[in-house]
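Sharing a structure here in structure tokens format.
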Protein chains: 2
Amino acid sequence: MADDTKQRLIDAAGEIFAEKGYEAASIRDICQRADANLAAVNYHFGEKRQLYVAAVRHAQCCRQEDVPFPEWPADMPAIDRLRAFIETMFARMLAGQRPRWHLEIMLRELARPTEACAAVVEDYIRPMANTLRGILRDLLPDGMSEEQRWMIGFSIVGQILFYYVHQPVIRLLIGHAGIETFPLDQLADHVTRFTLAAIGAGPAVIRSPSAVGSLS
Amino acid sequence: MADDTKQRLIDAAGEIFAEKGYEAASIRDICQRADANLAAVNYHFGEKRQLYVAAVRHAQCCRQEDVPFPEWPADMPAIDRLRAFIETMFARMLAGQRPRWHLEIMLRELARPTEACAAVVEDYIRPMANTLRGILRDLLPDGMSEEQRWMIGFSIVGQILFYYVHQPVIRLLIGHAGIETFPLDQLADHVTRFTLAAIGAGPAVIRSPSAVGSLS
DNA sequence: GATTATTTCAAACGTTTGTATGAAACAATC
DNA sequence: GATTGTTTCATACAAACGTTTGAAATAATC
């Protein structure tokens with residue numbers, strides 16, 4: 001029952017922090033949603049800030065088990081691994097899945113860092129970055145400079161994140177159905193082909209699928 | 001003197017809103033930075049929210065004159081216009097230029113919209129989107145679907161925005177010099193080449209130009 | 001220069017905020 | 001079953017918040 005309240009607090013706090021941001025989230029709101037007493041936060045966490053940190057840490061722990069991307073066989077071609085990487089990342093961002101606030105609160109942290117940011121980067125982002133860099137190492141010519149590899153990685157991740165971070169803009173820009181216009185696998189497919197073409201590992205992203213040819 | 005205070009309030013508010021977000025910014029802080037009396041906000045704007053809206057609107061007005069991208073000659077090739085578009089956008093995001101909060105507060109609004117978001121999109125974002133779409137219309141084959149053109153546009157903008165929005169992550173990831181590792185023109189060059197290659201209008205982004213071959 | 005209208009100011013208002021307290025309820029241990 | 005440690009609860013507190021007020025100060029109008 002003890003840890004139970006604590007966990008309920010973290011969950012409620014996570015939702016509200018992710019939704020409204022740190023300052024706008026009040027301890028009273030959080031406790032109410034957690035069915036806990038007002039004093040519970042200070043009893044279990046000492047202060048509001050620590051509850052926030054705990055929420056971020058929890059989200060990051062939960063999502064960490066995702067991080068070792070779907071075990072792909074050692075002999076899987078780099079191109080397919082890139083495709084799988086992009087698909088997985090998209091699925092995690094946009095799929096309806098488990099608590100939405102897990103991602104939300106971490107992305108908030110990454111865009112506007114507090115004390116918890118470094119930990120998120122090291123434990124959650126860095127492994128993903130390493131996975132991607134591993135793929136790119138196989139995919140790109142050896143002589144390529146470190147900076148250039150980073151930039152290509154950023155180009156990939158930037159494309160993916162855009163659809164999450166700027167969903168509201170997309171909705172306003174293309175109107176009606178908004179982002180639902182783009183089925184998830186279509187997005188993943190686009191980014192994959194866009195990227196592969198950019199690095200010379202696939203045909204250009206132009207109209208007819210006829211031009212696609214021998215990818216997978 | 002009257003409008004003067006009002007303007008000082010907007011400027012001070014813009015800085016603080018952009019830095020700390022709406023809730024965390026207190027009227028007292030704002031008035032202090034603006035050298036104005038505490039009651040000035042309510043006198044000139046009625047309430048805090050309206051001051052925020054005024055700040056966003058002001059930022060958007062100031063930046064709007066930027067929007068008609070550097071007049072390029074009618075006969076300028078689409079490829080060069082794309083390059084210019086990307087360079088300009090990068091320069092606006094990352095260059096040391098005028099009040100940083102202008103962009104900051106608008107991006108905040110775009111990522112986490114309030115009532116002012118729609119206006120920003122219509123007056124600031126939409127024209128940029130149209131410019132880009134014009135370029136892409138010339139650059140891409142005619143038969144390409146509407147959705148696909150949007151996705152390509154998003155792939156471009158996503159790459160650029162990434163360097164601004166996730167600067168803190170980049171800094172943590174690649175350590176030391178952080179984003180300063182990448183000179184501005186190098187970033188613009190990378191995104192341009194990456195994009196052109198992706199859509200089959202340029203050689204792949206790989207080290208040796210030898211592998212490029214007959215794409216364009 | 002008297003009379004307006006506009007703008008500033010210090011002070012106060014009522015809320016809401018995060019936090020603290022001490023008693024009650026509960027669980028565990030002996 | 002008494003004792004101890006843990007967790008909940010209602011309540012209180014001081015501080016900070018956005019907002020209001022009414023009187024000064026300033027500017028504008030005649």
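The values are calculated or read from the model by the stated rules, or taken from the named source; none is laboratory data. This structure is a prediction, so every number in the text was calculated from the model and none was measured. Counting neighbours? That spans all protein chains shown, and the Cβs are built from the backbone with ideal geometry, glycine included. Side chains are part of the model used for accessible areas, which takes the heavy atoms of the whole protein and leaves out ligands, DNA and RNA. Shrake-Rupley method; radii C 1.70, N 1.55, O 1.52, S 1.80 Å.
Setting aside same-chain residues fewer than 8 positions from B:LYS48, which lysines have a Cα under 24 Å from its Cα?
Partners found: A:LYS20, B:LYS6, B:LYS20.
Tell me whether segment A:62-215 comes out rounded, prolate or oblate; compute the Cα gyration tensor, take square roots of the eigenvalues as a ≥ b ≥ c, and use a/c under 1.5 as the rounded threshold.
Oblate is the answer for segment A:62-215, as a/c is 1.5 or above yet b/c matches or exceeds a/b.
Each residue of segment A:48-61 in order: what ³J(HN,Hα) in whole Hz does its phi give by Karplus 6.51 cos²θ - 1.76 cosθ + 1.60, θ = phi - 60°, with x for Gly and Pro?
3J(HN,Hα) across segment A:48-61, in whole Hz: 4, 3, 5, 5, 4, 4, 4, 5, 4, 4, 5, 4, 5, 5.
Still on this structure, I have one more. Any chance you could get the radius of gyration and Dmax over the Cα atoms of segment B:1-57, in Å?
Here Rg and the maximum Cα pair distance are 9.7, 29 Å.
Compute the angle between helix B:126-139 and the longest alpha-carbon principal axis of chain B, please, reported from 0 to 90 degrees and rounded to the nearest 10.
0 degrees
With every protein chain left in place, what is the accessible area per residue of segment B:62-215 in square angstrom, probe 1.4 Å?
41 Å²
In addition: With the crude spin-label approximation of a point 7 Å out along Cα→Cβ, what separation in nm comes out for A:ALA24 versus A:ASP138?
4.3 nm
For a quick check of understanding: with a 1.4 angstrom probe and all protein chains in place, what accessible area in square angstrom does B:TRP150 have, to the nearest ten?
Its heavy atoms expose roughly 40 Å² to the probe.
Could you tell me which GluC sites (Glu not before Pro) in segment A:70-146 are loop residues by DSSP with no more than 10 other beta carbons within 10 angstrom of their beta carbon?
Answer in residue order: A:GLU71.
Against the longest alpha carbon principal axis of chain B, how many degrees, from 0 to 90 and to the nearest 10, is the axis of helix B:78-94 turned?
30 degrees
So what is the 222 nm mean residue ellipticity for chain B from helices alone, if each DSSP H run of at least 4 adds -39500 (n - 2.57) and you divide by all residues, rounding to the nearest 500 deg cm²/dmol?
-20000 deg cm²/dmol
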